[in-house]
Structures are given as C-alpha cells and as structure tokens.
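First the structure, in the form of structure tokens, and then the observations on it.
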Ligand code: BDR
Ligand code: CA
C-alpha cells in the first residue's frame, strides 16, 4: 500500500476552510498530522475555537495549535470579514460547547516539530494568512528543505479575467499579511499557489450542495448548513448567479491531484505597500525584463486553469464515500 500523504493544514476557519478541512479529514489517502490556526476570517480566538469545534465534529485526531493573531510586524489585525463568513466565522451556524483543547505549543512550533519529526514527508496546505509559516521559517530556517511540498490558497494573478477580492489586485489571504506571503513564496521549497484565477472558476451551486446533503450523511448536512450564509454573500453581491467560489478546497486538490490544474512557473513577489499592497506578481520563467527584485528567488507553480468538473466530482466523491 502507498503511504498516506502527511498534511499540516494552516487555516482560519472560515466556511470554505471548514469545507476543505472536511475533505482532508475524509480523504482515505491523507494522514492529517496537524492543524494550525491564524487570524483572518475571524479573530484568532474565533478561528481557533472553530478549528477545535471542527475537530470535535469531524472526529479527527490531529492536534490543533493556535497561531498568529496579528500580521508580521504589526500589532493589530484587519477587521474580520463577517459579511462573508458570519459573526462566528462559520456562517452563523449554532456552535455548541467545545470540549477539545488546543495543543500547548504555538502554531509555528508545532509546524517545526512535525516537519522535523517527519523529514521530507510533510505537505503543508496553507489557506489563510501565511504568518505562521513565515514565523516557522524565521525560528528554524532548516525546516525549509525538509518540507515535501507547500500548497497555498492565495493571490490573484489576473489570468482568466479574475482579479482581487479585497482590492482590484489583492486577495484576502495575501493582503492580510503581505510580508509573510513574500517570505513564504521566496523560500526554497516546492511551492504551488492557487489563487482567485482558478478558485473563481470552480463554483458550488445550490444543486451541487443539495446533492452532498442528500448523499453525504451528517457531513453532507453540515456542508449545506455551514455554506448558506456564504452562498448568500456571493449571490447578493452578484459575483455568481447561484453558488459560491471554492477557494480553500482548491489548495487541497492541488496537493492531491495536481493534474486538475495547469500552471505557469516563475518567482513570485508580493507588494508590501501602497495602493497595490497585497498584489502577487509572477515573473514567468524566461520572461525578459530588467527588474532585479525577482532575481534569485525560486520558481513557484502558479495555477492558471482548472478542470472544474473533475475537481468538483473529486470533492463530491470524497465526501460521499467517506461520509459519516
Ligand atoms: C480566502 O480568504 C478567506 O476568506 C477564505 O477562507 C479563503 O482562504 C479567499 O480570498
Ligand atoms: Ca481561508
């Protein structure tokens, strides 16, 4: 038998984070070894409470460690987008008492410990601000060559007519901590970046989620409940006529099924300040220009197209086959 893929999930749950975490928890070839939280879709207390609730609900064993509450070099976090993910970060579904407790280690330390304990074996899937990853690199740069692969949901590269979702050029996970993102994209580990260019190409309609609810047992019912507020944000802002974009699960899919996507390769920089703050800029390999700011940086795989049909079928099959 093939060994399972060991995964650390760095997340800010978050409706689509919860949907991606369920995908990881139910995938038969995934060994979820750690979940680390970051501020983002809620304050750090909220996203950590939500991750612990999801651990209890989904029944996975991996430790949950609390991470950064503010971006690198900052003392305050951005206002949580309650109009997207609800006041409680999980689409305002009722959250019962949470009995699971967090790992005593800070998120960055858990990442370091897991990578050191499983050299060349851990894939990091990061779907929030990348503050924890940047802190882990700063505390122990030796982990970088020991990580098997990193798959990130973040950024917007202007392909397929898609642009930013916070500003015309910036995506939420990147503008939330552009300094951290630039460090993480500059580290020499196998990096795949899944931005809005592809996540806005995969849409879960009401019919799609109803089918999950009908065939996915208790998990399917949860997916329907947790996504109602989120779906309403997308339709009421007229981004989609019906349904919502599939952000964080796309980064999971890229780690497990890279063939669902096509990629451009090259070093990526993140704009730290000014009106383009949070913009992600790819210099495609072989591109002629005279800028030096991309020089010496490793190439990343930037997803530029997706087989949305195959990806959505994969999500459905994993949930339905693994349903509890
Ligand atoms: C990203 O921002 C968050 O709101 C989502 O969870 C996703 O990770 C999309 O821009
Ligand atoms: Ca997220």
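What follows draws every value from the coordinates through simple rules; no lab data is involved. If you're wondering where the values come from, they're calculated on a predicted model, not measured in any experiment. No Cβ is skipped: glycine too gets one built from the backbone with ideal geometry, and neighbour counts run over all protein chains shown.
Can you tell me the length gained on complete extension of the stretch residue 214 to residue 313, counting 0.36 nm per residue apart and subtracting the Cα distance?
Extra length from residue 214 to residue 313 when fully extended: 34.1 nm.
What FRET efficiency, computed as 1/(1 + (r/R0)^6) with R0 = 56 Å and r the Cβ-Cβ distance, is obtained for residue 273 and residue 241, rounded to the nearest 0.05?
0.95
Classify the chain as rounded, prolate or oblate, taking a ≥ b ≥ c as the square roots of the eigenvalues of its Cα gyration tensor: rounded when a/c is under 1.5, otherwise prolate if a/b is larger than b/c and oblate if not.
rounded
Which percentage, to the nearest 5, of the DSSP beta bridges contained in the chain is antiparallel?
Beta bridges within the chain, antiparallel portion: roughly 30 percent.
I want to check the label-to-label distance for residue 188 and residue 120. Put each point 7 Å from Cα in the C-beta direction and report it in nm to one decimal.
About 1.7 nm, to one decimal.
Sort 228, 269 so the one with the fewest other Cβ atoms within 10 Å of its own Cβ comes first.
Lowest count first: 228, 269.
Treat each spin label as a single point 7 Å out from the Cα along the C-beta direction, and report the residue 160 to residue 287 distance in nm.
If labels sit at residue 160 and residue 287, their model points lie 1.9 nm apart.
Evaluate the relative contact order of the chain (contact order divided by residue number), counting alpha-carbon pairs under 8 angstrom at least 6 apart; express in whole percent.
Dividing the mean separation by the residue count of the chain yields 19 percent.
Full-extension gain between residue 321 and residue 78, please, as 0.36 nm times their residue separation minus the C-alpha to C-alpha distance.
Here the segment from residue 321 to residue 78 would lengthen by 83.6 nm.
Roughly what would the spin-label model give for residue 259 and residue 87, points 7 Å off Cα along C-beta, in nm?
4.8 nm
At a 10 Å Cβ-Cβ cut-off, how would you order 265, 238, fewest neighbours first?
By the 10 Å Cβ count, ascending: 238, 265.
Output the relative contact order of the range 256-324, whole-number percent, from Cα pairs under 8 angstrom with separation of 6+ residues.
Relative contact order here is 40 percent.
Please list log₁₀ I(q)/I(0) at q = 0.15, 0.17, 0.30 Å⁻¹ for the range 250-306, using the Debye equation with identical point scatterers on the alpha-carbon positions.
Values, matching the q order: -0.53, -0.66, -1.16.
Using the count of nearby Cβ atoms within 10 Å as a rough guide to exposure, how do 299, 250 rank from fewest to most?
Ordered from fewest to most neighbouring Cβ atoms within 10 Å, 299, 250 come out as 299, 250.
Of the candidates 192, 292, 205, which one comes out as most mobile in a Gaussian network treatment of the chain with C-alpha springs shorter than 10 Å?
Answer for the Gaussian network model of the chain: 292.
Which whole-number percent gives the relative contact order of the range 235-293, counting Cα pairs below 8 Å spaced six or more residues apart?
21 percent
What does the convex hull of the alpha-carbon atoms of the range 204-297 project to on average, in nm²?
Result: 9.4 nm².
Okay, helix-only estimate at 222 nm for the chain: each DSSP H run of n ≥ 4 adds -39500 (n - 2.57), divide by all residues, round to 500 deg cm²/dmol; what do you get?
After summing the helix terms and dividing by the residues of the chain, the value is -11000 deg cm²/dmol.
Rank 28, 178, 13 by mean-square fluctuation in a GNM of the chain with C-alpha springs under 10 angstrom and give only the top-ranked residue.
Looking only at 28, 178, 13, the largest GNM fluctuation is found for 28.
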